[in-house]
Amino acid sequence: MTGPYRESSSPCPRCGTAIAPVKGRSKWRCPSCVGTLVEEAELSLIRGWTGFVVRAPTDTPLECPLCADDMASVTVVDIALDYCARDRVVWCDSGELGRVRTAIAKDALVVDPRSLVAILFGSDGDAT
């Protein structure tokens, strides 16, 4: 992500503390609750990554710290995460990113990423 997102301070969607960019990475970390905001492109670097699936929301949606839109509920290997389609970022609560990496490596996850694209953008590719 480029431009103002890298330079600005954004609030953690869980505790409101300013999240800080991780130097040289496409992610930000909350120093208070240790949650992590990760660009989808960074997740795609995980060996075995094939995407996530949208799930029915069970709680009040988190607000994306970058654009303030509601984040969609998604799962990766039965781990609930929050995704912003506009900014293509995923919020991982403390420890979730590590669990995702471990589960993907262990289970060789096979999820068709087209299912997420179809739900978020429809068959014509336009955002819904």
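Does any residue in the range 61-74 that is without any contact (Cβ under 8 Å) to a residue 24 or more places away in the chain come within less than 8 Å, Cβ to Cβ, of a residue that is polar (S, T, N, Q) and surrounded by 13 or more Cβ atoms within 10 Å (Cβ to Cβ) six or more places away or on a different chain, and which pairs are these? As it stands, the answer is Pro61/Ser73, since those pairs meet every condition given. Any residue that is over 24 Å from Thr102 (Cβ atoms), in a loop (DSSP other than H, G, I, E, B) and either hydroxyl-bearing (Ser, Thr, Tyr) or touching a residue at least 60 places away in the same chain (Cβ under 8 Å) (or both) - is there at least one of those in the range 38-50? Among the residues of the range 38-50, not one is over 24 Å from Thr102 (Cβ atoms), in a loop (DSSP other than H, G, I, E, B) and either hydroxyl-bearing (Ser, Thr, Tyr) or touching a residue at least 60 places away in the same chain (Cβ under 8 Å) (or both), which makes the answer no.
I'd like to know if the range 10-25 contains one or more residues that are at pLDDT below 85 and within 21 Å of Val100 (Cα to Cα). No.
The set of residues from the range 33-73 being aliphatic (A, V, I, L, M) and farther than 14 Å from Val90 by Cβ comprises Val34, Ala56, Ala68. Within the range 37-53, the set of residues being surrounded by 13 or more Cβ atoms within 10 Å (Cβ to Cβ), out of contact with any strand residue (DSSP E or B) (no Cβ under 6 Å at 6 or more places or on another chain) and either at pLDDT 90 or above or more than 20 Å from Lys106 (Cα to Cα) (or both) comprises just one member, Glu40. Among the residues of the range 54-75, is there at least one that is more than 11 Å from the chain's Cα centre (by Cα), part of a strand (DSSP E or B) and at pLDDT below 85? Within the range 54-75, one or more residues are more than 11 Å from the chain's Cα centre (by Cα), part of a strand (DSSP E or B) and at pLDDT below 85. Out of the residues in the range 83-109 meeting the condition of being part of a loop (DSSP other than H, G, I, E, B) and among the basic types (Lys, Arg), tell me which one is farthest from the chain's Cα centre (by Cα). Ranking the candidates gives Arg86 first.
The requirement of being over 14 Å from the mean Cα position of the chain (by Cα), outside any loop (DSSP other than H, G, I, E, B) and either surrounded by 14 or more Cβ atoms within 10 Å (Cβ to Cβ) or modelled with pLDDT of 80 or more (or both) is not satisfied by Ala80. Here Thr58 passes the criteria (1) exposed (fewer than 14 other Cβ atoms within 10 Å of the Cβ); (2) among the β-branched types (Val, Ile, Thr); (3) touching a residue at least 40 places away in the same chain (Cβ under 8 Å) except the one numbered (3).
The values are calculated or read from the model by the stated rules, or taken from the named source; none is laboratory data. Bear in mind the structure is a predicted one, so any value in this text is a computation, not a measurement. Here the Cβ is made from the backbone with ideal geometry for all residues, glycine too, and neighbour counts use every protein chain on show.
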